[in-house]
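Engineer: One structure is given below, represented as structure tokens, and several questions about it will come after.
The values are calculated or read from the model by the stated rules, or taken from the named source; none is laboratory data. Model, not experiment: these values are computed from the prediction. Cβ coordinates were reconstructed from backbone atoms using ideal geometry, including for glycine residues, and neighbour counts include every protein chain displayed.
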Amino acid sequence: MDRMRHSGINENFQSIKPEIEIHVDKDLFLEKSDKEIWSEFKNGSESAFIFIYDTYFNNLVAYGLNFCTDREFILDCLQDMFVELREKCKLVTYTDAIKPMLFKIFRRRINHSLKKFWKEKEKLRAITDFKFAFSISPEQHLIEKQLTIDQVKHLNKAIGLLSIKEREAIYHYYYENLTYSQIAEVMDYSQIKTARSLVYKAIKSLRGVLSNEQKRIFLYFI
Amino acid sequence: MILFEVVFMSSSISLCEGHNKTTLKSKEYNKHKLEDFITDDQFKRWVLDHPTDKRLDIFWHNWIKTHPQKRETILLAREILLAMEFNTPEIVHEEKEVVLEKVLKGEKSNLYTNNRYKYRSNGKTHALNWVIRVAAIFILGIGIYFLQTTLINDSDSTTAKIGLVTKKTLRGEKFAPLILPDGSRVYLNSESSITYPESFSDSIREVNMIGEGFFEVVKDEKKPFIVKTGRIITHVLGTSFNINFYENQNDLSISLVTGKVKVLKSQNNGLDTTYNSLVVLSPGEKVSIEKGTLDVKLSHFDTDLETAWKDGILIFKNSSHIELFNKLEKWYGVEVSFKNQPEVPWNVSGRFNNLSLEKALENLNYTHKISFDIEGKKVKINFLK
């Protein structure tokens with residue numbers, strides 16, 4: 001999405017320059033696989049690093065803010081993570097999927113830093129109550145006309161009852177488009193089926209809300 | 001991709017997850033319940049990632065045809081997938097550059113050196129500053145009357161000044177975040193232009209605009225920010241807002257999301273220009289100003305509907321097919337022609353979240369039967385009975 005937004009449009013605004021310009025010809029990398037880009041980065045390519053940074057920065061910030069609402073803290077963690085990645089690029093393992101790799105490293109770093117730098121009291125304040133929030137948009141209902149407004153309300157109530165882990169798995173699967181095995185990797189599960197059953201159970205409990213609703217309507221008619 | 005092909009030839013579905021591959025016979029979809037479809041990789045890919053992937057599309061359409069008893073379940077699964085919305089935080093563009101600069105210097109954060117989180121007693125965080133920076137959002141639309149009568153004259157008289165910058169977007173272009181000399185940010189929608197000085201004066205920040213723009217204005221009480229759209233002037237005291245000033249629109253509207261703006265009209269009596277205040281807006285209020293009389297009508301507005309475009313979301317509410325396709329023409333920069341127009345105009349509502357034109361039309365096709373043909377910038381729509 002971000003790749004799309006930046007292409008083409010900015011050509012008409014060449015005189016507008018950000019304070020630092022990122023001189024990377026993105027087209028060079030768009031054709032390449034994650035595996036190739038990552039190994040170029042491991043070999044010390046600065047432009048591969050900047051491409052990775054530029055491509056995943058927003059995803060990482062958005063992901064991090066689900067753990068802690070303090071934006072400055074999340075940005076600090078991210079800065080440290082990238083500095084270390086660059087310093088230790090030779091030591092980093094190979095990967096053929098960059099996004100889950102970064103998520104995994106970032107997730108560990110945030111949890112570690114939260115433990116290390118935050119007092120319990122402070123933690124309670126800034127750690128989000130409603131991590132990985134998502135909802136069923138009532139607007140969309142107007143296109144497809146399958147769900148009723150009431151059903152949307154019930155669904156959203158049920159979403160609020162899901163566990164944080166379930167919501168995180170759903171975030172990865174539907175929003176970040178990771179596969180179940182990538183989700184298992186990010187969330188440190190040894191088995192893929194753990195990730196899959198998190199998503200499945202959550203969706204099943206949502207379905208439960210819908211069928212209860214149908215039953216209720218049915219009873220009403222009886 | 002090869003796997004995909006093989007799988008289809010043997011009419012079974014593969015869930016491919018890197019090193020773990022499981023192959024399902026397609027008939028097992030018979031037993032699928034709603035949650036099985038929603039969590040099925042193949043199904044999700046069809047709905048969310050590749051609705052235009054021909055093979056996937058043909059597969060599912062055929063499957064629905066041969067399993068009509070599952071049609072409702074599939075439609076419901078599709079809808080739930082499409083309606084999922086995730087809370088995403090505000091994107092602050094400066095952050096990316098600021099952090100990158102530090103990273104490239106190899107500079108670590110002060111998390112380790114300065115244990116601010118351990119000893120900070122006051123609950124306020126720096127994160128609040130981002131909120132303070134942006135104080136208001138409003139939207140403004142204006143018609144050709146103003147354009148012809150005053151804006152043209154205005155710009156004639158200012159062309160002599162040095163250092164005016166004009167930025168334009170063409171049909172179908174949008175989301176261009178411009179940074180003004182004071183650091184304020186403007187997103188121009190398609191077919192819009194903005195003119196501003198290379199550097200603002202000490203006393204005022206003044207820009208002229210045609211079309212539609214979303215402004216995030218850096219707060220500076222000593223230097224008011226004003227947007228001129230013909231005879232209407234929007235005076236901002238640190239704000240973000242959206243202006244809509246297209247030639248084919250006859251009236252002007254300003255909608256304020258947060259903060260405070262004052263709307264003025266200018267009157268040119270020969271030599272002198274006088275300014276009169278029309279209205280001061282509070283958040284959630286929208287003012288419409290009629291082109292000739294400058295009559296003011298105050299109403300409330302839907303934030304989403306007015307500002308979603310800047311995030312790449314196209315929203316329409318209770319639109320006829322003509323209104324809808326006019327919007328799509330402008331959005332995607334194409335020309336639409338109709339065949340077999342329906343006698344009763346459509347009444348459609350919905351939203352397209354960063355969709356390609358093809359994807360958008362396919363989505364539309366689920367509720368309103370059309371066939372379409374996209375050839376470069378020309379789009380033919382055939383309404384099916």
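Engineer: Give the residues of region A:39-48 that are surrounded by fewer than 22 Cβ atoms within 10 Å (Cβ to Cβ) and in a helix (DSSP H, G or I), sorted by residue number. Before you say what the answer is, go through the steps one by one.
Structural biologist: Taking region A:39-48 as the starting set, the residues that turn out to be surrounded by fewer than 22 Cβ atoms within 10 Å (Cβ to Cβ) are A:39-40, A:42-47.
Listed by number, the residues that qualify are A:S39, A:E40, A:K42, A:E46, A:S47.
Conditions (1) assigned to a helix (DSSP H, G or I); (2) more than 18 Å from the chain's Cα centre (by Cα); (3) of a type outside the set (A, V, I, L, M, F, W, C); (4) within 22 Å of A:P138 (Cα to Cα), marked per residue:
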| position | (1), (2), (3), (4) |
| --- | --- |
| B:N318 | no, yes, yes, yes |
| B:F338 | no, yes, no, no |
| B:Q341 | no, yes, yes, no |
| B:L355 | no, no, no, yes |
| B:Y366 | yes, yes, yes, yes |
| B:D373 | no, yes, yes, no |
| B:K380 | no, yes, yes, no |
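Engineer: Can you name the condition, by its number, that B:L314 falls short on among (1) surrounded by 18 or more Cβ atoms within 10 Å (Cβ to Cβ); (2) modelled with pLDDT of 85 or more?
Structural biologist: Here B:L314 meets the rest and fails (2).
Engineer: Take B:I289 and decide whether it is buried (at least 16 other Cβ atoms within 10 Å of the Cβ) and either modelled with pLDDT under 80 or of a type in the set (G, A, S) (or both). Working first, answer last.
Structural biologist: Working: buried (at least 16 other Cβ atoms within 10 Å of the Cβ): yes; either modelled with pLDDT under 80 or of a type in the set (G, A, S) (or both): yes.
Yes: the conditions hold for B:I289.
Engineer: I'd like to check something: does region B:320-338 contain any residue that is of a type in the set (S, T, N, Q), closer than 26 Å to B:P51 by Cβ and crowded, with 17+ Cβ neighbours inside 10 Å? Quick ask: steps written out before the conclusion?
Structural biologist: Pass one, region B:320-338, residues of a type in the set (S, T, N, Q): B:320, B:326, B:337.
Next, only the ones that are closer than 26 Å to B:P51 by Cβ stay: B:320, B:326, B:337.
This time we only want the ones that are crowded, with 17+ Cβ neighbours inside 10 Å, so: none.
No, that holds for no residue.
Engineer: Here's another thing I want to ask about it. Is region B:342-363 home to any residue that is in contact (Cβ under 8 Å) with a residue 40 or more places away in the chain, surrounded by fewer than 16 Cβ atoms within 10 Å (Cβ to Cβ) and farther than 27 Å from B:T169 by Cβ?
Structural biologist: Yes, some residue in region B:342-363 is in contact (Cβ under 8 Å) with a residue 40 or more places away in the chain, surrounded by fewer than 16 Cβ atoms within 10 Å (Cβ to Cβ) and farther than 27 Å from B:T169 by Cβ.
Engineer: Grab the helices (runs of 4 or more DSSP H) fully contained in region A:94-196, keeping just those with 1 or more residues being at pLDDT below 90.
Structural biologist: Values: elements: A:98-117, A:120-126, A:141-144, A:149-160, A:164-170, A:180-186.
Passing ranges, in order: A:98-117, A:120-126, A:141-144, A:149-160, A:164-170.
Engineer: I would also like to ask the following. Hey, among the residues in region B:70-104 that are more than 7 Å from every other protein chain (Cβ to nearest Cβ) and out of contact with any helix residue (DSSP H, G or I) (no Cβ under 9 Å at 6 or more places or on another chain), which one's modelled with the lowest pLDDT?
Structural biologist: Looking at residues that are more than 7 Å from every other protein chain (Cβ to nearest Cβ) and out of contact with any helix residue (DSSP H, G or I) (no Cβ under 9 Å at 6 or more places or on another chain), I get B:H93.
Engineer: Moving on to the next point. Among the residues of region B:37-60 satisfying the criterion of being farther than 23 Å from A:R207 by Cα and outside any loop (DSSP other than H, G, I, E, B), which is farthest from the chain's Cα centre (by Cα)?
Structural biologist: Within region B:37-60, the subset farther than 23 Å from A:R207 by Cα is B:50-59.
If we keep only those that are outside any loop (DSSP other than H, G, I, E, B) too, we end up with B:54-59.
On the way: B:K54: 28, B:R55: 31, B:L56: 29, B:D57: 28, B:I58: 31, B:F59: 33 Å.
So, considering only residues that are farther than 23 Å from A:R207 by Cα and outside any loop (DSSP other than H, G, I, E, B), the one farthest from the chain's Cα centre (by Cα) is B:F59.
Condition check ((1) surrounded by 21 or more Cβ atoms within 10 Å (Cβ to Cβ); (2) under 23 Å from A:L65 (Cβ atoms); (3) more than 10 Å from chain B (Cβ to nearest Cβ)) across all residues:
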position: A:K165; (1), (2), (3): no, yes, yes
position: A:E168; (1), (2), (3): yes, yes, yes
position: A:N177; (1), (2), (3): no, yes, no
position: A:Q182; (1), (2), (3): yes, yes, no
position: A:V186; (1), (2), (3): yes, yes, yes
position: A:T194; (1), (2), (3): no, no, yes
position: A:S197; (1), (2), (3): no, no, no
position: A:K204; (1), (2), (3): no, no, no
